[in-house]
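Please read the structure below before turning to the comments.
What follows draws every value from the coordinates through simple rules; no lab data is involved. Remember, predicted model here, so these are calculated numbers, not experimental data. Note: ideal-geometry Cβ built from the backbone for every residue, glycine included; neighbour counts use all protein chains shown.
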Amino acid sequence: MSGDFEQVIQWYPGHMASAMRRMADYVKLVDVVIEVVDARVPLSGFNPLLDEVAGNRRRLKILSREDLADPAETAQWMKILGPETLTVNALTQGAFVKVKQRLRDLVAPGHRMQRAMVVGIPNSGKSSVINGLVGRSVARTEDRAGVTRQLQWFKVGTLFELMDTPGILVPRIGSADAQWKLALVGAVPRDHYDPEDVAARFHRWLTEKTGGRTKVPDLSAFAQARGFVRHGGESDYHNAAQSYVKDFNDGKFGRITLESATRDVQAA
Ligand SMILES: Nc1nc2c(ncn2[C@@H]2O[C@H](COP(=O)(O)OP(=O)(O)OP(=O)(O)O)[C@@H](O)[C@H]2O)c(=O)[nH]1
Ligand SMILES: [Mg+2]
C-alpha cells in the first residue's frame, strides 16, 4: 500500500481552459446559468471560476446524486445554499418536474425561447440533468470525468434551449482534503490519482468522523473479503482499491456526504 505518501491530485488540461473562454463568450446569450454539483461534495464541488463566468446571470444550483448523499447532511446544506438550490437524483424522471417549474419561474415572461447554460466540475451530472430536462437521452453520459468535450445546445420543448458544457475544475485544487474527495467522487480521471491512497484517506476520514464506529471496511479488509489476491497469496491492493472506489460510488458503503455543512464550512 502507499503508506504515508500523499500525492498531489490536479487536473486542468487544455480543453478546460479553452472551454472556459468559449463559455465566457456564450454566457452573454443565456438567461440562466445552472450549476450542477455532486451532493456528496457540496463545498469543493463548486467551482468559483464558474461563478465568475456566470456574472450577473440568474442562477440555479442543482445538487445531483441526492440518492448517494446523506439525507441529513443534504438538508443542512440546503439551509446554507438557500432557495436558489434544488436537489435531484438525475437518474429519475420525476426529479425534473420541480426543476422545470423553477426554470419557468426564473425566466421573464415572453415569447422568446429562453436559454440556460449548464456548468459544473467534471462528472457532476451536467449531461444527465440535460437528459432529464429534455426527457430522453440526448447528451452522452458515462461514469468517468471528461466525457463532454464540446459546447452543445439541446432543446427542451418550445420553452428552453440548454447548453451542455465540459466539466471544469479549478487549475489548482486547494487542499489535500478537497483533492482526495474530488478524486473519490469521480471528478478527476482514474489515471490521475492513486486509488490506494484515496481509499486510505477516505477510510481515515470516516474512522475519525464516526469515532471508530464505521462498518465500512478499510482497503486491507476489503481486499481480503473480496478475494483480491495475487499468486503467492499477497493482496492485490491496486485492483482492490479500484473496486473500493467503485463500491463507494455505487452507494455500497451507504449514503455518505464527504463535507459537512456545520464543520467544514466554518473551517473553510
Ligand atoms: N446515482 C446517481 N448517478 C448519477 C446522478 N447524476 C448522474 N449520475 C451518473 O454519474 C455519471 C456522470 O454523469 P454525467 O451526466 O455524464 O456527468 P457530466 O457532469 O456530464 O460529466 P462530464 O461531461 O464528464 O463533465 C453517469 O454515470 C451518470 O449516470 C444522480 O443523481 N444519481
Ligand atoms: Mg457531460
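Charges at C-beta only: +1 for Lys and Arg, -1 for Asp and Glu. How large is the resulting dipole of the chain about its Cα centre, in Debye rounded to 20?
The calculation lands at about 1080 debye.
Sites listed here are GluC sites (Glu not before Pro) in region 57-90 whose DSSP assignment is loop and whose Cβ has at most 16 other Cβ atoms within 10 Å: E84.
Between L29, Q101, Q76, the Cα set farthest toward the positive side of the dipole of region 10-156 (charges on each charged residue's Cβ, about the Cα centre) is that of L29. Close amide-amide hydrogen proximity is noted between A90 and R65, E66, each under 5 Å apart and 5 or more residues distant or on a separate chain (H modeled in the peptide plane; Pro and chain starts excluded). GNM remark for the chain: springs join alpha carbons under 10 Å apart, and the peak mean-square fluctuation among R21, R213, R58 falls on R213. Applied to region 155-165, the Karplus parametrisation 6.51 cos²θ - 1.76 cosθ + 1.60 on θ = phi - 60° returns per-residue 3J(HN,Hα) values of 9, 10, x, 9, 8, 9, 10, 10, 9, 7, 9 Hz, with x for Gly and Pro.
Of all the options V33, V88, V138, the one that moves most in a Gaussian network model of the chain with Cα springs shorter than 10 angstrom is V138.
Put a plus charge on the Cβ of each Lys and Arg, a minus charge on the Cβ of each Asp and Glu, and nothing anywhere else: the dipole of region 176-267 about its Cα centre is then about 380 debye. Whole-Hz Karplus values for region 24-36 come out as 4, 6, 5, 4, 5, 8, 9, 8, 9, 10, 9, 9, 9 Hz, taken residue by residue from phi with 6.51 cos²θ - 1.76 cosθ + 1.60 and θ = phi - 60°; glycine and proline positions read x.
Annotated for the chain: lysine pairs at least 8 residues apart or interchain, Cα distance under 21 Å, count 24. Applying the Karplus relation 6.51 cos²θ - 1.76 cosθ + 1.60 with θ = phi - 60° to region 226-232 yields 3J(HN,Hα) values of 9, x, 7, 10, 9, 4, x Hz, where x marks Gly and Pro.
Between the listed residues A240, A39, I173, the Cα displaced farthest toward the positive end of the dipole of the chain, a dipole computed from Cβ unit charges relative to the Cα centre, is found at A39. In terms of the mean number of neighbouring beta-carbon atoms within 10 Å, the peptides 97-106, 254-263, 230-239 order highest first as 254-263, 97-106, 230-239. Ranking L86, L219, V147 by Cα position along the charge dipole of the chain, where only Lys, Arg, Asp and Glu carry charges on their C-beta atoms, puts L86 farthest toward the positive end.
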